[in-house]
Amino acid sequence: MKLVDTDETVVIVTGSDLRAEERDRPTAYRLKQEIDRRSDGQVFRRAVVVGDNWYLENRVFHLNPSIAVGGPGVNALAAELSQSLPLVWTQDQRVYVQANLEADPKRVVLWGMDAEATMVAVQAFVSQGFLEDLLRRIWRFRTEVYV
């Protein structure tokens, strides 16, 4: 049974250590709920939350649009992506939204100097229209024929 579609399912990645599990994973699940709420009932138009170690070991999920939640110090995917993704929004040199929504697959890093700042980054990603832009790009009308 297919549970994830590489084109439409968003993979949200948090750090795997205890700090990230306690502080960033709840924030990641709030983002997941927002994505799922916008899914329009389409089965694969949803998000899944995974740890960075699992994500990095399972390369097939690298084909999915991916959002790293948490900073480079606690999230290995964020450490990798933050070096190359452009900064699209920041606040007070404490909160950062980095994204490349033009490339395929789409990549985003949402982080802050602490867990509270990371939560602000996620809220900004949603409220400033970046999430809407991401979902519009990946959930566009698909013209493939299925048999």
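Assorted remarks:
- Approximate spin-label separation Arg140-Val60, in nm, with each point projected 7 Å along Cα-to-Cβ: 2.6 nm
- The Rg/Rh ratio for segment 10-138 is 0.92, where Rg is the radius of gyration of the alpha carbons and Rh is the Kirkwood radius.
- Relative contact order (%) - segment 10-138, alpha-carbon pairs under 8 angstrom, separation at least six: 23 percent
- Gyration tensor (alpha-carbon) shape descriptor, segment 1-67, a/c threshold 1.5: oblate
- Averaging Cα coordinates gives a centre for segment 47-121 and one for segment 1-24; these two points are 11 Å apart.
- DSSP beta bridges confined to the chain are antiparallel in about 45 percent of cases.
- Each label was represented as a point 7 Å from its Cα along the Cα-to-Cβ direction; for Asp92 and Met113 these points are 0.8 nm apart.
- Think of each Lys and Arg Cβ as +1 and each Asp and Glu Cβ as -1; about the Cα centre, that makes the dipole of segment 10-138 roughly 360 debye.
- Footprinting exposure proxy for Ile138, Ile67 (fewest neighbouring C-beta atoms within 10 Å first): Ile138, Ile67
Taken together, the values in this text are just the output of simple stated rules run on the coordinates, not laboratory data. All values derive from a computational prediction rather than experimental measurement. We place every Cβ from the backbone using ideal geometry, glycine too, and count neighbours over all the protein chains shown.
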